[in-house]
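Take a look at the structure below.
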Amino acid sequence: PFLDHPNVVFIPVYDLTRKEEALKYYNVLAATVEEKERRIRYMASRGVSLWQEENTYMVFDELGNAINDMPDNVGEDTLRKAASVVNEGGKAGLNMIFSAQRPKGFIDLTTQCGRVVFQVETDQEKGFALGYSGASKLPSVPTGYFYRKFSSVKVTGAFEPTDDEIRALLSRR
């Protein structure tokens, strides 16, 4: 439903085991790091520490699987670029949203992020995913709810809008 929105750019990547497809993923992140650095230089030249213009949001579906599937060193290079965006991108108005079923392989990335965690298999995964001491003691989450951690851990209700509802919301923005 987002494809028709004037502020959305969709870059299809289908087979990350093929180097040319994996490089599409990497190239987006590499260009984002260059833009981050350009914005930081711009802010420094004006004596400000936070981006005052528009924010950019990038969504990466199944980041961990993508990185694991990439050939050669493309996965490692992609992870480094993603870390650069996560670590400093926010102050430059560049925000990375990613999903992962098992983010265990890139813990350094997840510690810098707010988190939304849907029901997971084990208490160990719950603690890791939330990054919260004692998270394994939290109660099981009923279907339709999730945990979120931005400042503290809270149980939050979920919703599943239809594509038409999303289009209607986007058309009003």
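The values are calculated or read from the model by the stated rules, or taken from the named source; none is laboratory data. None of the values given here were measured: they were computed from a predicted structure. Neighbour counts are summed over all protein chains in view; Cβ atoms, including those assigned to glycine, are modelled from backbone coordinates with ideal geometry. When the accessible area is computed, the model is the full protein with side chains, heavy atoms only, and any ligands, DNA or RNA have been set aside. Shrake-Rupley method; radii C 1.70, N 1.55, O 1.52, S 1.80 Å.
Observations on the model:
- Ranked order, Ser171, Ser84 - accessible area, probe 1.4 Å, largest first: Ser171, Ser84
- Extension gain for Ile97-Arg172 works out to 24.7 nm (0.36 nm per residue, less the C-alpha to C-alpha distance).
- Glu20 sits among other residues whose Cβ lies under 14 Å from its own Cβ, and their net charge, with Lys and Arg +1 and Asp and Glu -1, is -1.
- Computed 3J(HN,Hα) for the stretch 59-73, one whole-Hz value per residue from the Karplus formula 6.51 cos²θ - 1.76 cosθ + 1.60 where θ = phi - 60°, is 10, 10, 7, 6, 4, x, 4, 4, 5, 5, 7, 6, x, 6, 9, glycine and proline marked x.
- Solvent accessible area, Å² - Ile166, 1.4 Å probe, full protein context: 30
- Proximity of backbone amide H atoms, modeled 1.01 Å from N, is registered between Phe60 and Ile97, Phe98, Ser99 at under 5 Å, excluding neighbours fewer than 5 places apart on the same chain.
- Length gained when the stretch Ile11-Glu88 is fully extended (0.36 nm per residue, less Cα-Cα span): 25.4 nm
- With a 1.4 Å probe rolled over the protein heavy atoms of all chains, the accessible area of Glu20, Glu35 falls in the order Glu20, Glu35, largest first.
- The distance between label points at Glu37 and Val59 comes to 3.0 nm (points 7 Å beyond Cα on the Cα→Cβ vector).
- Residues whose amide H lies under 5 Å from that of Gly93, counting only those 5 or more places away or on a different chain, are Trp51; hydrogens are built 1.01 Å from N in the peptide plane.
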